[in-house]
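Here is the structure we will look at.
The values are calculated or read from the model by the stated rules, or taken from the named source; none is laboratory data. Model, not experiment: these values are computed from the prediction. Cβ: placed from backbone, ideal geometry, glycine included. Neighbour counts: every protein chain shown. For accessibility, only protein heavy atoms count, side chains too; no ligands or nucleic acids. Shrake-Rupley method; radii C 1.70, N 1.55, O 1.52, S 1.80 Å.
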Amino acid sequence: MRILVTGGAGFIGSNFVRRTLDSRPDASVTVLDAMTYAANPANLTGLDPARFALLKEDIRAADLVDELVAESDLVVHFAAESHNDNSLRDPFAFVRTNVEGTVTLVEAAARHGVRFHHISTDEVFGDLDLDDPARFTPETPYSPSSPYSASKAASDHFVRAYVRSAGLEATISNCSNNYGPRQHPEKFIPRQITTLLEGGTPRLYGAGDNVRDWIHVDDHNDAVWTIIERGEIGRTYLIGADGERSNRAVVGDLLEIFGRGRDDFVHVTDRPGHDRRYAIDASSTLALGWEPRYTDFRSGLEQTVGWYRANPGWWRETRASAEEKYAITEEVIG
Ligand code: NAD
Ligand code: DAU
């Protein structure tokens with residue numbers, strides 16, 4: 001099976017590539033990745049060149065995309081501008097990659113009749129109140145709050161439109177917040193872990209009450225394979241692992257892992273439009289036979305801390321540049 005993986009040099013895409021090559025001896029993988037600031041070449045080292053190739057190019061390069069899609073049996077589309085805070089500073093980059101890039105890919109996949117899986121996010125549904133018992137389902141109306149989630153919502157709509165009007169054989173998955181090794185230090189959990197490894201103090205946006213529904217990246221990608229193999233064309237599947245936690249609780253756990261007091265953090269400037277809570281009802285994916293394996297968040301977090309502790313060369317430089325960006329607007333407020 002020849003698989004084209006877009007964005008395969010980033011956090012979740014590289015995990016997918018590694019898991020796929022490890023678990024499926026019949027698979028060969030081509031990664032198409034523009035190698036933006038979010039990519040790390042170290043994510044893809046040590047892979048068998050007979051079964052793996054990396055092409056450094058934009059997913060909007062229509063001629064190359066057409067050629068690559070034509071020679072593939074499956075396209076798994078991870079490539080995106082993925083960070084909310086950046087989308088508030090430079091929304092157009094999100095339109096270019098997440099919208100134009102996705103349309104370039106679905107055009108080619110529909111033209112060549114190639115199976116397509118689109119990786120999306122629970123953020124397309126907007127947010128939930130902290131005390132609302134509801135969770136997101138595939139029927140929840142779209143209501144994105146940030147330029148990032150608006151661009152991902154647009155990309156989902158394009159995929160659905162191509163299923164309906166161009167016969168695209170696609171499935172979509174909307175997953176909750178991922179954590180695990182190789183996540184960029186601009187994101188919440190690796191930012192706090194690398195701060196603690198450098199002896200600093202964790203930073204909570206606003207009051208820290210916002211809730212995210214955490215899932216380990218291995219579980220996300222196992223669910224993606226389940227949907228590719230058993231999902232119904234044209235359907236949307238939600239992926240989550242019952243991992244709801246407030247940001248304050250996550251920081252408290254991390255502080256404990258580092259032997260510090262649970263309240264040893266600072267509050268910093270809140271994110272404009274900050275979504276309060278995400279929560280996934282994953283029945284659509286559970287019904288296909290998938291189950292998360294990382295059901296103990298604390299031990300998944302400890303394993304992730306262990307990975308960052310053992311790999312300072314992977315994160316030092318990227319952390320420094322992420323912190324430079326944060327320093328422009330972020331202030332300690334308490
Ligand atoms: P990431 O930022 O770590 O990686 C994105 C990758 O896409 C990078 O390697 C980057 O170089 C590449 N890329 C960006 N623009 C490109 C372009 N124009 N052409 C080719 N490659 C390009 O992102 P991630 O956290 O691994 O997220 C991967 C996907 O999963 C995204 O679609 C994201 O929306 C989705 N998702 C992420 C999460 C999460 O918690 N991180 C949760 C649900 C869904
Ligand atoms: O829900 C899925 C989404 O999860 C994905 O689609 C996105 O690609 C991914 O980045 C993530 O979005 P979030 O905005 O939820 O993730 P982030 O890691 O940026 O922030 C998680 C929470 O932590 C959020 O409530 C903001 C807060 N936060 C973040 C940072 C970086 C802090 O309190 N302090 C911080 O320093």
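Below, the figures for the structure above:
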{"quantity": "Pair Arg96, Ala134: separation of 7 Å Cα→Cβ label points (nm)", "calculated": "3.7"}
{"quantity": "1.4 Å probe accessible area per residue over region 256-334, in Å²", "calculated": "56"}
{"quantity": "Charge dipole (region 243-334, unit charges on Cβ, about Cα centre) - positive-most of Gly261, Gly306, Gly334", "calculated": "Gly306"}
{"quantity": "Amide proton proximity set for Phe52, modelled H, under 5 Å, gap of 5+", "calculated": "Val29"}
{"quantity": "The chain: Rg to Rh, with Rh as the Kirkwood radius over Cα pairs", "calculated": "0.95"}
{"quantity": "If the convex hull is drawn through the Cα atoms of region 207-334, its volume per residue in Å³", "calculated": "150"}
{"quantity": "Cβ crowding within 10 Å averaged over residues, with 88-94, 165-171 ranked highest first", "calculated": "165-171, 88-94"}
{"quantity": "Residue-count net charge about Leu168 - beta-carbon cut-off 11 Å; Lys, Arg +1, Asp, Glu -1", "calculated": "+2"}
{"quantity": "Segment Ala50-Glu317, extension gain: residue separation times 0.36 nm, minus the distance between their alpha carbons", "calculated": "93.0 nm"}
{"quantity": "The chain - mean residue ellipticity at 222 nm from DSSP helices (-39,500 (n - 2.57) per run, n ≥ 4, rounded to 500)", "calculated": "-12000 deg cm²/dmol"}
{"quantity": "Region 170-221 - charge dipole about Cα centre, Lys and Arg +1 at Cβ, Asp and Glu -1, debye rounded to 20", "calculated": "140"}
{"quantity": "The chain: angle of helix 297-310 to the longest principal axis, Cα-based, in degrees nearest 10", "calculated": "90"}
{"quantity": "Cα-based Kirkwood hydrodynamic radius, region 110-257, one decimal, Å", "calculated": "16.9"}
{"quantity": "Dimensions in Å of region 51-91 - Rg and Dmax from alpha carbons", "calculated": "13.5, 39"}
{"quantity": "Calculated log₁₀ intensity ratio I(q)/I(0) where the Debye formula runs over C-alpha points of region 16-118, q = 0.10, 0.21 Å⁻¹", "calculated": "-0.30, -1.20"}
{"quantity": "Cubic angstrom per residue, convex hull over Cα atoms of region 82-144", "calculated": "106"}
{"quantity": "About the Cα centre, charge dipole magnitude for the chain (Lys/Arg +1, Asp/Glu -1 at Cβ), debye", "calculated": "380"}
{"quantity": "Solvent-accessible area, 1.4 Å probe, carbon plus sulfur percent, for region 140-182", "calculated": "52"}
{"quantity": "Computed over region 237-296, Kirkwood Rh from alpha-carbon pairs, angstrom", "calculated": "14.2"}
{"quantity": "DSSP-loop chymotrypsin sites (Phe, Trp or Tyr not before Pro) across region 1-68, with at most 15 other Cβ within 10 angstrom", "calculated": "Tyr37"}
{"quantity": "Dipole moment magnitude, nearest 20 debye, region 153-257 about Cα centre, only Lys, Arg, Asp, Glu C-beta charged", "calculated": "340"}
{"quantity": "Shape parameters for region 102-181, alpha-carbon atoms, Rg then Dmax in Å", "calculated": "14.2, 47"}
{"quantity": "Ellipsoid equivalent to region 152-203 - semi-axes via the Cα gyration tensor, in Å", "calculated": "39, 10, 7"}
{"quantity": "DSSP bridge pairs, the chain: antiparallel proportion in percent, nearest 5", "calculated": "10"}
{"quantity": "Solvent-accessible heavy-atom area per residue, rounded to whole Å², over region 149-198 at 1.4 Å", "calculated": "29"}
{"quantity": "Principal-axis tilt of helix 312-329 within the chain, Cα atoms, nearest 10 degrees", "calculated": "70"}
{"quantity": "Cα-projected label distance for Ala70 with Ile328, points at 7 Å along beta-carbon direction, nm", "calculated": "4.1"}
{"quantity": "Computed label-point distance, nm, for sites His112 and Ser143 using a 7 Å Cα→Cβ extension", "calculated": "4.0"}
